[in-house]
Each structure stands twice: as structure tokens, then as C-alpha cells.
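Inspection log for the structure reproduced underneath, given as C-alpha cells.
The values are calculated or read from the model by the stated rules, or taken from the named source; none is laboratory data. Being a predicted model, the structure only gives us computed values, none of them experimental. All Cβ positions, glycine included, derive from the backbone under ideal geometry; neighbour counts span all protein chains shown.
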Amino acid sequence: MKIGINGRFLQYPYTGIGQYTIQLLREFSKMKRERRDEVHHLDFVIAVPNEQCIEQMQLENIDLPAVVIPEKEWLGKSLGKHWWEQVQVPGFFHEQKVNVIWLPYPCVRWFKKSADKTIVTVHDTIPWTSKKYQRRLFSRLAHRMSRVATSQADHIITVSETSAKNIMWLCGIPEKNITVIENGVSEIFHKLISQDVMSEVLGKFGLQNGKFFLYVGGYDARKNVKLMVESYRKYCESHTCEYPLVLVGGKSHEDSLYADFDGALTEPENSRTVIKKTGFLSDTDLAALYQASRGFVHFSSQEGFNIPLAQAMVSHLPLLISDTDIHHEIAGDDAIYVQTEGENSLEKGWDTLIHSQTHTLSKDYSHRFSWDRSAHAHLRTFKRISL
């Protein structure tokens, strides 16, 4: 059986879809090297738009076959991307005589159903429902066409029950055509970081073990980073605050979705809070910060899954998170929930986190959030749909 894979997001390793693609390809590659029975009769071919993706595969120890299919630059950046997804890649996979095509993000053909069996992963429905992601006429058209075309796929994979319900409602797809497979957490987050590495990372950012709070994630408007920072500053105006708030990540794009980024993270004069920005980090540095943090904070209003939350849970951190369906699905009762539109709720949430006597989660989430487990579930789905 031959599986064709769209590897476009290999060039965006710090995004959620980028990590999803990289981690699963790494697991498939590992299975091939170890000659496991699950992949004995499987062949893979990955289509990528540039050499940057090949270089990323080498960095991530992914040794599966990949072919560069250059975009048509004369079409321009946006139209060239869609032409690559809609025409070049489907044509390439058809020539390769694949048994099934896997698209790790929604880019099913718009105008003609693929002659090859197609499985698409839909992480969330946010770009299809939020006007913030539909600022221009072409982006509105592209998102609409993407949503409509998704219903033509032979099967949908998604990352949570919350997303599955939204997909069924928005796209009219029956439940039997959707498989829910939760995301995993990279192996390094499951392992104890050595004291030498821990000291080096903490020293790099001027932090003390157990004496800071941590945010990891994007900075587009729905993440509510500005609200999170301002609510902590306000809390510290009337309370003793000993702990810096550390923000990991950065802008993914220079557009209006990130308009709050610079202003929200600029320290006002005489501020009693300390906000530290690290930028994007390696997994080793990030794992060290998780293990040394006093608590994880995330006020996002919309998510399809939230990998940083899973990383925090594997690291046994106390959680202060927004009261949303997806966060309840992922974290259950193991979190402090806040209403992001309620000032009293935010203050109470910070107070509970800061004065909590329990500084670690007692449950072990290492088995639940495993990329190995996720990869096996994906392969079972590929095989079932290819028949």
C-alpha cells in the first residue's frame, strides 16, 4: 500500500499543524527503521514545495521519501499556494499511483473530487467561522471552498471530540466518516531534564526553579495573550507578586491578527510585574521551562486541541486556563478555569493558582498524549479507508 502525504507544513515547524506533521512523520519513519509489522507493507511518498522542507526532515530524523514540487512563482504567493495544493500535488500523487492521500490540513480539491482516496485532517473550524480569518475577499472565498470541499473527502481525521462536533455541524459530515485521534507530546517532555541542562536554561532567561508562571502558544487575537498579561498586571497592583510571567513563542505572521502583540508585551513604567519573552525555543529548552515552572497559564478562546496544554499536563503543572469546551475535554477536573470576560473570575483564578498548596498534577498523562499511539491510530485509519 502506498500513501501520499502533503508535507507543506514541514516548513513551519513552530505552528501546531507543523508539529503535528513533523511528529507523525517522525513516528512513521521510526517504525520503518525498526521494521515494525504495522508498516511492513506500507510505502510513503511526501510532496513538499521547497528544499527547506527537506532540510527540516533531516533535522527531525525523518528519512521517508520526499519529492520537491516547486510552486508556480509567476502566479504569486497566494494563488501559487492554492495551485500547488489543488493541481500540482493531486496530479503528482495520481501519477505515483498511491492508494490513499493524506492531507494533514484542509486542502481537499475544490472543483473536482480526487480520483484517489483522500483523508484530510481538520484540526478545528476556526478559519471557517471566525471573521478575523476572513479579512479579504480571496481569503473568504478560499476558506469557504475549503469547508465545502472537505465534505468530499473519503474520511476526516480530527484531534478532539469538540472539533468533531463542530465539523459535523458545519460541514454536514456524518459521524461515521470522522475519526478522532488526539495529538501527542514529544518524547522529551516525558523525560526528566538533567540538572545541568535545567540550570543552563534557567540561567539563560534569569529564572529560578519553581518561581515563574509559563505561557506557551501563539499570539493571534484568539489566544488572548494581551488579556492574560493585563489581568496579571492588574492582580499584581493589589497583591504581592513574586513570580515573573514567562511568554514563549512569537509572531507567526505580520498581519492584523497579531496587532496586540507588541503593545501587550511592553512593560509600562513602574509596573510591579515582570514579563519575560523568550521567543521560539527548542524542545529541550521548552521542556526545561515546563518542568521548572510553578504553573501553566492559557486564556485562549478557541482551540481545536491545544498541544501546549497537553505538554503542561505531561509535565504535571497546575493549570490556569480559559473555561472552554475543548479545555474541559482535554484537562477535565485537573485545572483552574476562568471566565475570560469576567474580571472577578480572572482575579480569583490568579489568586487560586498563586496560593495553591499543590504545585503538580498527580495524574500521569504520558500514555494518553503519545505520538506513538497517535501514529498507530493514523495508520489503522489509512489502511481501513484504502480498502
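General observations
- Criterion violated by residue 79 - all others in (1) out of contact with any Leu (no Cβ under 7 Å at 6 or more places or on another chain); (2) in contact (Cβ under 8 Å) with a residue 24 or more places away in the chain; (3) not charged (D, E, K, R) satisfied: (2)
- So residue 322, is it modelled with pLDDT of 95 or more and within 15 Å of residue 310 (Cα to Cα): yes
- Residue identified as assigned by TED's automatic domain parsing to the domain that holds residue 310, modelled with pLDDT of 85 or more and charged (D, E, K, R) among 254, 230, 267: 230
Each row is one residue, and each column tells you yes or no for (1) in contact (Cβ under 8 Å) with a residue 40 or more places away in the chain; (2) assigned by TED's automatic domain parsing to the domain that holds residue 324.
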position	(1), (2)
120	no, no
124	yes, no
127	no, no
156	no, no
161	yes, no
164	no, no
175	no, no
191	yes, yes
198	yes, yes
